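Working notes for the structure below.
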Amino acid sequence: MNVLVVGGAGYIGSHMVKLLDEQGHTVVVLDNLSTGFQAAVIAGQLVTGDLNDRQLVCQVLRDHKIEAVMHFAASALVGESVTDPARYYQNNVVAALNLLEAMRECDVNRIVFSSTCATYGIPDVVPITEAEKQMPVNPYGFTKLVIEQALRDYARAYDFGYASLRYFNAAGAAPDGSIGEDHDPETHLIPLVLQVALDQRPHITVFGDDYPTPDGTCVRDYIHVNDLGMAHLAALERLQPGQGIEVNLGTGTGHSVREVIDVCREVTGHEIPEVMGKRRAGDPPELVADASKARQVLDWQPALPDLKTIVETAWRWHQSHPHGYEKEDAVGQSPG
Ligand code: UDP
């Protein structure tokens, strides 16, 4: 299939591009490189441009005879969405609607959309099933929910076939060490802890230990980035005009912040000093997927569900790219 990966230079998108290519699909990446990296695009063809440029999007869809779109390009930090909601409504709603309209104009009606467990807000029941009410507690979750609803309406009215995949915590790196996670600034737990192991940070700050969880720290469901990608492939095969797939993507197992740090100590052999900090605004105590619907609907299950394995893949990447992509480029290694 000819697949357009929007945001394919980002963390999850770049792993998707690699998997699509390995499965024999023809991949075109559209990315404005605002947070992604050219060097992360190790397969397919990169078009550098903005999703708000409808003419460009249409041209890419037509020129490459695109049959399906995967949409990863978005702003995805809960805290930032609270302090700078305009950015989130612009990037996650306006630009995404522009993509949907370009698709309609060019008769492309298949899309896999990156959604999030943040659309649930603070769940009544954990593990979270898809039957949980969607009541986001931050602008990030709201913007993703807007597009989920738009897709339902586009399916009904315009025969779109869509999948809204609600990610839990994406983690890890390509097992072959070729690509990995690089954010600037980094805010995610596992890369931050591994940066402490690399002596790039003095300690990891634990954001609160007074939550109603077994050890008092927040519990999350960490899912390997390749497993997310494999679920997208399964969804892509199952897209049907006028129908939608809405599923959680997690492993179904939760790990506390303390557990994550301990696993990182075990994998890296470093002491990793920790400091107790205050709660981070907007953090629900526990987000764990009930992953049974994805298993059933997509005939998919995580191949790398074990947290230690996930951290091992991340550690391989961080050791070989201690300063991520940019610095590698700066010292003369060729991108991609
Ligand atoms: N966390 C932490 N210290 C940090 C970064 C994150 O204690 O320096 C916690 C955070 O409060 C959350 C968990 O680690 O409970 C995962 O956070 P991350 O930002 O990786 O993902 P999120 O759950 O926000 O999507």
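Coordinate-derived values only; no laboratory data. Source: prediction; values computed, not measured. Heads up, the Cβs are rebuilt from the backbone with ideal geometry, glycines too, and the neighbour counts pull from every protein chain shown.
The table below lists the values:
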quantity	calculated
Under 19 Å from the Cα of LYS278 - aspartates and glutamates, other chains or at least 8 residues apart	GLU80, GLU186, ASP209, ASP210, ASP215, GLU259, GLU286
Pairwise FRET efficiency - VAL94 versus GLN319, Cβ, R0 = 51 Å, nearest 0.05	0.85
Cα long-axis angle, helix 307-320 against the chain (0 to 90 degrees, to the nearest 10)	90
Peptides ranked, highest mean first, by Cβ atoms within 10 Å: ranges 5-14, 52-61, 138-147	5-14, 138-147, 52-61
By average C-beta atoms within 10 angstrom, highest first, the peptides 273-285, 65-77, 99-111	65-77, 99-111, 273-285
Relative contact order %, the chain, counting alpha carbon pairs below 8 Å whose residues are six or more apart	19
Cα→Cβ-extended label distance, 7 Å offset, between GLU101 and GLN38, nm	3.1
Percent of alpha-carbon pairs separated by more than 21 Å within the stretch 55-166	39
FRET efficiency estimate (nearest 0.05) - Cβ-Cβ, LEU198 to ASP283, R0 30 angstrom	0.75
Charge dipole magnitude, Cβ of K and R +1, D and E -1 - the chain, Cα centre, debye nearest 20	560
Residues of the stretch 61-84 with amide N under 12 Å of the 7 Å Cα→Cβ point at GLN45	61-66
Within straight-line cross-link reach of LYS65, lysines at Cα separation under 30 Å, skipping those fewer than 8 residues along the same chain	LYS18, LYS144
FRET efficiency, VAL82 to MET1 (Cβ-Cβ, R0 30 Å, nearest 0.05)	0.20
Inter-label distance for ARG156 and HIS183, nm, one decimal - labels placed 7 Å from Cα along Cα-to-Cβ	3.4
Spacing of the two label points (7 Å from each Cα toward its C-beta) at VAL125 and GLU271, in nm	4.7
Value of [θ]222 nm, deg cm²/dmol, for the chain, DSSP H segments ≥ 4, -39500 (n - 2.57) each, nearest 500	-11000 deg cm²/dmol
